[in-house]
Amino acid sequence: MTYKEIRKNSEVLAYLKKGNDNLGTMGFTDHSEAHCAVVAERAAQILLKFGYPDHDVEIVKIAGFMHDMGNAINRHRHAEYGALLADHILAKTDLPLEDRVTIVSAIGNHDESTGGAVDAVSAALIIADKTDVRRNRVREKEMSAFDIHDRVNYAVTAAKLKINPEKKIVTLNLQIDESICSMLEYFEIFLERMLMCRRAAEMLGARFKLTANGSKIV
């Protein structure tokens, strides 16, 4: 089982679509196949930059693409539900048991309310997921209907994740339009996630930094 095969797997795609549809009905930002692909590729780049083997890179891409399937069952504890769904799907493939367990563990630990980094794969998944902040994650609606999550994402006019393997630093650089969302609102939503990224970076032997509008925050 490879990342390319998982991206075409009908069960995975069905769960991701239903989960994203459910969250759309509840007013959440985009958690679609597109978000999961961004997370998969970003997590892979993190491990590549820090010198992890191709095998781990492939594993984290699979975990990244599958990580939000649990939203099809319920947003609450979606990480744990997603882990169980991933185990069910991957058990029917030729993926080695050890790799399946690593993927399931990473998915089950990616949410800040119940999880945390437990190994390099989960750490890269967490950083990739929590740093996917961008304007086009906001669903099409009138700005007057935006909630705080919409405003926070829509206010981000530019976001770039930089990996410096020599200095062992992971940096998220944001440009935030404060006429849409104040810094206080941004950190009301994202502070816990950024702290989770800091702990995940430490699992990789690195430091996590956050800058917003040119100023160092974390």
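Extension gain, K168 to H76: 0.36 nm times the residue separation minus the Cα-Cα distance gives 29.7 nm.
Which Cα, out of N136, L125, I180, lies furthest along the positive dipole direction of the chain (beta carbon charges, K/R +1, D/E -1)? Most positive-ward Cα: I180. Positive-end ranking of A72, I107, P53 along the dipole of the chain, with charges on Cβ about the Cα centre, is headed by P53. Fully extending the segment from E202 to K8 would add 66.5 nm, taking 0.36 nm per residue of separation and subtracting the current Cα-Cα distance.
Ordering of 94-102, 73-81 by packing is 73-81, 94-102, highest average first (other Cβ atoms within 10 Å, averaged per residue). Using only side-chain charges placed at the Cβ, +1 for Lys and Arg and -1 for Asp and Glu, the dipole size of region 1-109 relative to its Cα centre rounds to 260 debye. Summed over the residues of region 118-218 and divided among them, the accessible surface reaches 49 Å² per residue at a probe radius of 1.4 Å. Relative to the current alpha-carbon distance between D21 and A145, full extension at 0.36 nm per residue lengthens the span by 42.8 nm.
Scoring 196-207, 25-36, 158-169 by mean Cβ neighbours within 10 Å over their residues and listing the highest first yields 196-207, 25-36, 158-169. Give K49/K216; K17/K49; K4/K209; K8/K130; K49/K162 a once-over and call out the pairs whose C-alpha atoms are over 21 Å from each other. From the list (K49/K216; K17/K49; K4/K209; K8/K130; K49/K162), the Cα-Cα distance tops 21 Å for K49/K216; K17/K49; K4/K209; K8/K130. Secondary-structure-derived ellipticity at 222 nm for the chain, considering helices only, amounts to -17000 deg cm²/dmol, per-run term -39500 (n - 2.57) for DSSP H runs with n ≥ 4.
Here the chain is assigned +1 on the Cβ of each Lys and Arg and -1 on the Cβ of each Asp and Glu. Its dipole about the Cα centre then comes out at about 540 debye.
The values are calculated or read from the model by the stated rules, or taken from the named source; none is laboratory data. Keep in mind the model is a prediction, meaning the values are calculated, not measured. Cβ sites come from the backbone with ideal geometry, for glycine too, and all protein chains shown count toward neighbours. Heavy atoms of the whole protein, side chains included, go into the accessibility calculation; ligands, DNA and RNA do not. Shrake-Rupley method; radii C 1.70, N 1.55, O 1.52, S 1.80 Å.
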